[in-house]
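One structure below.
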Amino acid sequence: MTAVVASARPLLAEALAVLDLRERTVDDTGASEILAAARSAGVRLAAILVGEGGMRANLADADLPILESPSIGDRPAPEAVELEPMTEPRQTENVAAAGLGPPAPLCVTQPVRSGQRVYAQGRDLLVLAPTSRGAELLADGSIYAFGLLRGRALAGASGDRGARIVATRLDAELVAVAGVYRTLEASDIAGLRDGAASVALALDEEGGERLVLRPVDQFLPRAS
Amino acid sequence: MAKVIVVTSGKGGVGKTTTSASFATGLANRGKKTAVIDFDIGLRNLDLILGCERRVVYDFVNVIQGDAKLSQALVRDKHSENLSILAASQTKDKDALKEEGVKQVLDDLKGMDFEYIICDSPAGIETGALMALRFADEALIVTNPEVSAVRDADRMLGIIEAKSLRAENGGERVKEHLVITRYAPKRADKGEMLSHTDVAELLSLPILGLIPESEQVLDCSNRGTPVILANGSPVALAFDDMVARYLGEDRPLRFTEPESAPFWKRLFGG
């Protein structure tokens, strides 16, 4: 056990983690061993998750919050949402296959509903319809949304820090670029005229990365 | 060719069954041969609202399981001879709804020259609701001007776009219509309620029906009369508009503004 954890050291060092022991039964005595191994690898444990009536007794000396939650097997499987009818990537793939340039964006022309998720793998996502609360837009590249964007938008899903989210009417619950996320409150949106905004990663004074929301209306033609 | 129309919402209590009953009655009274099916197995209501609960002998599940013929289970409506009702089972489990069985019943109804088949969906997104929308050509999405009902309606639209047979075949999309019920213009004006334009924008759908809030709905349900037959009442007029619009007539939306009080009330502050 210790060897397995130690081999993952570079990955785990300083990582903040919740230890999930729900698959372990009451009789298990390995809990303290797991805890010791995790700590020696430099993992910063935040809490321990146990199943209902789980191995609480063995963990009393761990000095960590113990959270009780039903075991994984008891939870209903997440519902798969199929999206075939709303996308039309056929044409764009032909262009890319012919080697005529970078892959064209995945283009969505039907409203993205609550509970639906659209993923533009390896390319940008172009949304020409409204996105509802509870819907999720995901792209490895950037996301461009023409139409009210009210759900979640996650650009640079596989780590592209240069990805952006640009929306003509941004009212998203959450935006993220390359894993850095930010929830949006009404006060964040209020500063945007008509909600036209661009979201990108920027460095702050301490050299950390954070998401910056900028209005883009100064570039748009104004109604007189 | 018969059209299968699902009446659905996601959320419960928004007026699906009331809408199904009045919409079906409206179509029938305009001479369209119409059948309405209650998909809410175990919680059957439609027969009460249409006032035929005493005449239900066999139900939808009996037909699916082969215990009765479709013609035996169909109840002729007492208000309109063009309308037939297939009641839900009150005793069976919702798992009795099997896809092949539902398809067979719909095909048989089409074979009996019904022009419109209305599927009254149960609330939720489980078997009953999924079976009700599975074979739909069109959908009436019923919602109240209230955020949770609108979000559930939106979720339902997504499910229709993923789980209906039309979506799976990748052919023509299910045609979706928006029905807003329990609308109180006065409260919408004060900002206590979403306005009908807010709801239409949130769901990106055109409004087919805008039904005002009224005590008449409950009265009619208790008497077993679809509210569209309550002559002259705003709810009946609004449902009639909805049916007319569905059949292609151009009718502007009514009941969008608060009623102004009669002048003597304004004079004496009634």
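The values are calculated or read from the model by the stated rules, or taken from the named source; none is laboratory data. These figures come from a predicted structure and were not determined experimentally. Here Cβ is always computed from backbone atoms with ideal geometry, including for glycine, and neighbour counts include all displayed protein chains.
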How many residues of the range A:117-147 are within 14 Å of another protein chain (Cβ to nearest Cβ), part of a strand (DSSP E or B) and surrounded by 21 or more Cβ atoms within 10 Å (Cβ to Cβ)? The answer is 5
Residue by residue through the range B:146-173, note down the ones that are aliphatic (A, V, I, L, M) and in contact with a Pro (Cβ under 9 Å, 6 or more places away or on another chain).
B:L157, B:A162, B:A167
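Would you check if B:V179 is outside any strand (DSSP E or B) and in contact (Cβ under 8 Å) with a residue 40 or more places away in the chain? Give the derivation first.
On the way: outside any strand (DSSP E or B): no; in contact (Cβ under 8 Å) with a residue 40 or more places away in the chain: yes.
No; evaluated as a whole, the condition is false for this residue.
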Has the range B:218-241 got any residue that is touching a residue at least 40 places away in the same chain (Cβ under 8 Å), under 19 Å from B:K16 (Cβ atoms), among the aromatic types (F, W, Y) and in contact with a Leu (Cβ under 9 Å, 6 or more places away or on another chain)?
no
Filtering the range B:145-179 for residues that are within 9 Å of chain A (Cβ to nearest Cβ) and touching a Phe, Trp or Tyr at 6+ places or on another chain (Cβ under 7 Å) leaves a count of 0
On the basis of being crowded, with 24+ Cβ neighbours inside 10 Å and small (G, A, S), does B:A123 make the cut?
no
Against the definition (surrounded by fewer than 19 Cβ atoms within 10 Å (Cβ to Cβ), among the basic types (K, R), within 24 Å of B:G26 (Cα to Cα) and at pLDDT below 95), how does B:R187 come out, yes or no?
no
Can we say A:A157 is buried (at least 20 other Cβ atoms within 10 Å of the Cβ), part of a loop (DSSP other than H, G, I, E, B) and away from every other protein chain (no Cβ under 14 Å)?
yes
Could you go through the range B:175-182 and let me know if any residue there is more than 20 Å from B:T25 (Cβ to Cβ), over 17 Å from the mean Cα position of the chain (by Cα) and of a type outside the set (F, W, Y).
no
Determine which single condition A:A202 fails, assuming it passes every other condition in (1) closer than 21 Å to A:P102 by Cα; (2) free of Cβ contacts under 8 Å to residues at least 12 places away in the same chain.
(1)
Among the residues of the range B:197-236, write down those that are in a helix (DSSP H, G or I) and more than 18 Å from B:T17 (Cα to Cα).
B:T197, B:D198, B:V199, B:A200, B:E201, B:L202, B:L203, B:P234
For the range B:72-120, the count of residues that are under 24 Å from B:T19 (Cβ atoms) and crowded, with 16+ Cβ neighbours inside 10 Å equals 29
Any residue at all in the range A:201-208 that is at pLDDT below 90 and surrounded by 16 or more Cβ atoms within 10 Å (Cβ to Cβ)?
no
Does B:R44 fit the bill of being more than 24 Å from B:L247 (Cα to Cα) and part of a loop (DSSP other than H, G, I, E, B)?
yes
Any residue at all in the range B:74-91 that's more than 30 Å from B:T197 (Cα to Cα), more than 14 Å from chain A (Cβ to nearest Cβ) and assigned to a helix (DSSP H, G or I)?
no
Counting only residues in the range A:191-200 that are surrounded by fewer than 14 Cβ atoms within 10 Å (Cβ to Cβ) and not acidic (D, E), the one modelled with the highest pLDDT is identified as A:G191
Tally, over the range B:120-174, of residues that are touching a helix residue (DSSP H, G or I) at 6+ places or on another chain (Cβ under 6 Å), assigned to a helix (DSSP H, G or I) and of a type in the set (S, T, N, Q):
1
Taking the criterion of being touching a Lys or Arg at 6+ places or on another chain (Cβ under 7 Å), in contact (Cβ under 8 Å) with a residue 60 or more places away in the chain, farther than 29 Å from B:L247 by Cβ and of a type in the set (A, V, I, L, M, F, W, C), would at least one residue in the range B:57-68 satisfy it?
no
